[in-house]
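> Quick one: the structure is below, and I'll ask about it shortly.
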There are 2 protein chains.
Amino acid sequence: MKIALDAMGGDFGPPNLVAGAVMALREYRQIKKLYLVGDSAGIESELHEHQCNDSRIEIVHSTQVVEMSDRAWTAVRHKKDSSVSRAVDLVKRGQADAIVTAGHTGAAVAASMIKLRTLPGIDRPGIAAVLPTETNVFVLIDAGANIDARPEHLLQYAFMGSVYSRHVLGYKSPTVGLVSLGEEDVKGTEKTKEVFKMLKKSSLNFVGNIEGRHLFEDPVEVVVCDGFVGNVILKTCESIAVAIFKWLRHELDRSKWRMAGAYLARHAFKDIKNKTNYEEYGGSPLLGVNGICIIAHGASSPLAIKNALRVAAESIEQQVNPHIVEEIRRYNETTASLEPALR
Amino acid sequence: MKIALDAMGGDFGPPNLVAGAVMALREYRQIKKLYLVGDSAGIESELHEHQCNDSRIEIVHSTQVVEMSDRAWTAVRHKKDSSVSRAVDLVKRGQADAIVTAGHTGAAVAASMIKLRTLPGIDRPGIAAVLPTETNVFVLIDAGANIDARPEHLLQYAFMGSVYSRHVLGYKSPTVGLVSLGEEDVKGTEKTKEVFKMLKKSSLNFVGNIEGRHLFEDPVEVVVCDGFVGNVILKTCESIAVAIFKWLRHELDRSKWRMAGAYLARHAFKDIKNKTNYEEYGGSPLLGVNGICIIAHGASSPLAIKNALRVAAESIEQQVNPHIVEEIRRYNETTASLEPALR
């Protein structure tokens, strides 16, 4: 398999990205070619730093970078030679099977939509973030691709999340919940109420509205919301887990007894910290585009980039896109005679 | 001071509400009168259960209850004799200084808006939830009163949250952040971008857009967002804190060494659990109405209700409403000559 890594995007640029790429190449033999897209001098110098001359690496020089302050669509239209655009081009031309980027999420989404197009039956792609609870793993879709989502987009997210949960995470009949303000049908915005009706009529295992508290206390397998809300949930979860452990560390350091206790219990802390550490998850697939695009965290460490490349490799093996197309086709066929179709 | 408690609302009805009221009366001598509004037979039976014949209690009989499945505005219009409406009536007539309810949030907001009206210069009230971090305490506004907020509502929330942070929490110049998808000005929805511009021009200590991760890692004092997003943040925070501690408990029980460690460090866990336990906070003020209304959690325990009554008592003492009116008046005066006023 061949993967294109946007080697410029992200808060830390080439150093973390190249370091992650080097780690991934050492660990994942199934990667046969890794394109590093960006400023070739910068990339080469980082590779030199790591004494890496792996023949599977091919540097693709590009002269521009989408900055975090750029507007997504404008950046894709005007910065034709940006690292993210060039990386997506490699997938478009069939030279790479997947792209990984830790750069401007909006630009990655726009470039993928413009160059790869969406899958048949899908209007807008959504980011599927995978989050752990004590008892299961759930898919949060959309985690930030589409902040002005229409009701039909949310319905499509429910289908895509469900397919992902079944085919990648192994849940037979994943439960689907819609993020709202209360469990009752009448709660929520005009938009969520409309989505509620659509989901209720669908063949999905829809359990109804869920509130933030259901995410972790009595979790469902697929959590559906628009990209603004999803991004807030994702970032809040990451933040609060980090904050609680830091806080706990501080409290544990306040006496000798507590410190001794913390030492004895250290593996328990480590187990949970590892499970809640987003670096272990690496990246989230942008579902709904005709190709594979993995969105990594802007602040990705080398470990997170390595794992994002792992997610890309897994996505290439798993090929969920045909399943998404099939599910949506079947839904549209069933509803076509009854009511206006999905799109 | 006199407080009206909606004794029917909430997931557990009179048992928890009356138990909380009894606890509050024992602890807070400053409460001179506590109206318990709802089904008198049910309330009396609960009081009997607690062997409570405190002369400060006055039962106000009402025959209806707003159910969680009711639509907020319809419920207030049609269920004239609901416990929440009757409780708000007591404040409207000056018989009570504040209302506390754990019932249908939308109905409490609607009843307060209809009967008490909003403060001069305020279009829509917002719930100000107070949340702890390791280093400070922040106000999240709106935590669920107004799910279809317009930009000017969010600006008003920023002012109200700021006044609350100064006058109640004691921050001299509280920092204000706007929940968005990234720190850059260009990130967010059309709505948040408009609010960003308004906040930047205001006299508030506005630090810009914040993401979920800034809530706890590098927190601001006032977090501004619409009621949908705010409610999701609030419920997610509650949920994840509970889930992490449950998870930790489970991990700590997995070996004798870990259990011994947990025992030695037990006070550290307890300190944080208490600080993150919403029951200790009890209730959140609905800011912007011409009166005092405290919204308690639907699933409130007696302890949470006791603390919601404490919050009501504190709010009566602190009287933030005149400060809100003054701040908004000053803002409107300053901007009136420059641009269209706040409302």
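What follows is calculated from the coordinates using simple rules that are stated; it is not laboratory data. Quick caveat, the model's predicted, so the values are computed rather than measured. Backbone-built Cβ (ideal geometry, glycine too); neighbour counts: all protein chains shown.
> If I take every Cα pair under 8 Å that is 6 or more residues apart in chain B, average their sequence separation and divide by the length, what percent do I get for the relative contact order?
Numbers: 693 pairs, mean separation 76.7, N = 343.
Relative CO of chain B lands at 22 percent.
> Next question. Nearest 5 is fine: what % of DSSP beta bridges in chain A come out antiparallel, could you say? It would help to have the intermediate numbers written out before the result.
Numbers: 11 of 39 bridges.
Roughly 30 percent of the DSSP beta bridges within chain A come out antiparallel.
> Show which aspartates and glutamates lie in cross-link reach of A:Lys79 when reach means a straight Cα distance below 16 angstrom and same-chain residues fewer than eight apart are skipped.
Hits, sequence-local ones excluded: A:Asp6, A:Asp39, A:Glu67, A:Asp70, A:Asp89.
> Starting from the Cα gyration tensor of the stretch B:174-233, take the square roots of the eigenvalues, sort them a ≥ b ≥ c, and report rounded, prolate or oblate (rounded when a/c is under 1.5, otherwise prolate if a/b is larger than b/c, else oblate). Mind showing how you got there, number by number?
Working: a/c = 1.43, a/b = 1.11, b/c = 1.29.
Rounded.
> Hey, if you put +1 on the Cβ of every Lys and Arg and -1 on every Asp and Glu Cβ in chain B, which of B:Val76, B:Gly42, B:Ile57 ends up farthest toward the positive end of that dipole?
Of the candidates, B:Ile57 comes out farthest on the positive side.
> Return a whole-number percent for the relative contact order of the stretch A:123-280, with Cα pairs under 8 Å and 6 or more residues apart as the contact set. Can you show the working numbers first?
Values: 240 pairs, mean separation 43.9, N = 158.
The value is 28 percent.
> Pairs B:Lys33/B:Lys306; A:Lys273/B:Lys235; A:Lys193/B:Lys187; A:Lys33/A:Lys275; A:Lys246/A:Lys275: which exceed 18 Å Cα-Cα? List each step's numbers first, then the result.
Numbers: B:Lys33/B:Lys306 15 Å; A:Lys273/B:Lys235 22 Å; A:Lys193/B:Lys187 27 Å; A:Lys33/A:Lys275 30 Å; A:Lys246/A:Lys275 16 Å.
Going by Cα-Cα distance, A:Lys273/B:Lys235; A:Lys193/B:Lys187; A:Lys33/A:Lys275 fall outside the 18 Å limit.
> Something else: With the cut-off at 1.5 for a/c, could you classify chain B from its C-alpha gyration tensor as rounded, prolate or oblate?
Numbers: a/c = 1.90, a/b = 1.11, b/c = 1.71.
It comes out oblate by the Cα gyration axes.
> Could I ask something else about it? Counting other beta carbons within 10 Å of each residue's own, what order do B:Cys293, A:Cys52 fall into, fewest first?
Numbers: B:Cys293 31, A:Cys52 16.
Going from sparsest to densest Cβ surroundings: A:Cys52, B:Cys293.
> Measuring nothing but label to label, 7 Å from Cα along Cα→Cβ, what are A:Lys275's distances to the other copies in nm, shortest first?
2.4
> Putting +1 on Lys and Arg Cβ atoms and -1 on Asp and Glu Cβ atoms, find which of B:Ile233, B:Phe196, B:Leu215 reaches farthest to the positive end of the dipole of the stretch B:195-255.
Of the candidates, B:Phe196 comes out farthest on the positive side.
> Further question: Can you tell me which of B:Ile328, B:Ile147, B:Ile244 moves the most in a GNM of chain B? Springs connect C-alpha atoms under 10 Å apart.
B:Ile244
> Now for a different question. For chain A, with a Gaussian network of springs between Cα atoms less than 10 Å apart, report the residue from A:Ile122, A:Ile114, A:Ile305 with the top mean-square fluctuation.
Checking each option, the largest mean-square fluctuation is seen for A:Ile114.
> Give me the log10 of I(q) over I(0) for the stretch A:123-280 at q = 0.13 Å⁻¹, as the Debye formula computes it from C-alpha points; what are the numbers?
-0.63
> Out of the DSSP beta bridges found with both residues in the protein assembly as shown, what percent are antiparallel (nearest 5)?
Details: 22 of 78 bridges.
Roughly 30 percent of the beta bridges in the protein assembly as shown run antiparallel, per DSSP.
> Something else about it: Could you state the per residue volume, in Å³, of the convex hull enclosing the Cα atoms of the stretch A:103-172? Write down the numbers at each step before the final one.
Values: hull volume 7.7 nm³, N = 70.
Spread over its residues, the Cα hull of the stretch A:103-172 gives 111 Å³ apiece.
> Using a Gaussian network model of chain A with C-alpha springs under 10 Å, which one of A:Gln95, A:Gln64, A:Gln51 is most mobile by mean-square fluctuation?
In the Gaussian network model the winner is A:Gln51.
> Taking beta carbons within 10 Å but only from partner chains, what does the mean come to for residues A:224-234?
On the way: counts 0, 2, 2, 2, 12, 4, 2, 7, 14, 7, 4.
If you average over the peptide's residues, the count of other-chain Cβ atoms is 5.
> Mind jotting down the three principal axis lengths of the protein assembly as shown based on Cα atoms? Whole angstrom, largest first.
Sorted largest first, the three principal extents are 86, 60, 55 Å.
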